Each structure stands twice: as structure tokens, then as C-alpha cells.
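Laboratory data are not the source of any read-out in this text; all were calculated from the coordinates shown. Source: prediction; values computed, not measured. Here the Cβ positions follow ideal geometry from the backbone for every residue, glycine too, while neighbour counts run over all protein chains shown.
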Amino acid sequence: MSAAGLRVCILDHERGHVRLEPLGNFDVAALPEFEAKIGELRAGGFDHLILDLKDVGVLDSAALRAILRLVAGASTDGVSLELTAGLRQVKRISELTEDSSDDAFGAQPNQ
């Protein structure tokens, strides 16, 4: 991730649960690291991904497209995906994927 990085927390290795936390700016410069990590985790058998966006300062259109691809591919790839919002703007991801319920996110966005 540009500016700060990507924190990966293995929550339950046996059950394939992992949380990814982009830190700082989640933008076009951050995508190679993010997409490589997603591929690595999937190859390692992780099939329950939590994308925690609470520490994202900037989310550009390239990162948004990457998230939308991840959301779209999750069901066809047999992946369970949770999004945790931190910024009011991030809730837009849910709206764009036609799931505007607050349940789409593990936390309410900041007002």
C-alpha cells in the first residue's frame, strides 16, 4: 500500500479466516501488493476474507475497482468476503454492489 502498507492478520488458519487491513492510502500504487497478497492467501487455502477499510485515508477509483472485482469474484470462487467500513465514503462500495444494507459492513461508517 502506498504510504503505510497492508496488515494481514490470520484469524483462524484451520478455518481459512484472514483479515486484510490496508493502511493509509489505498490507491493505484497499492494494488500490486494487495492483489499479490490476495492471490497468495487464496493459494494458501484462505477462503474467508475480511477486508477492513477503517484505516484507509484515501480510496481511489483503481482501488475501488479492485474491491468490486474481489466482491464480484468472491461468490463464483467460493470465497466468503466481509467488508468493514471506516470511512463514510467507503459505504459507497456496498451501494455500488447493490447491497445497501448496513449489514454488508462489520462496522458503521463514520459520519
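At-a-glance table
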read-out: Sites E40 and T76, calculated FRET efficiency, Cβ-Cβ separation with R0 22 Å, nearest 0.05; value: 0.65
read-out: Segment H13-S61, length gained on full extension (0.36 nm per residue, minus Cα span); value: 14.1 nm
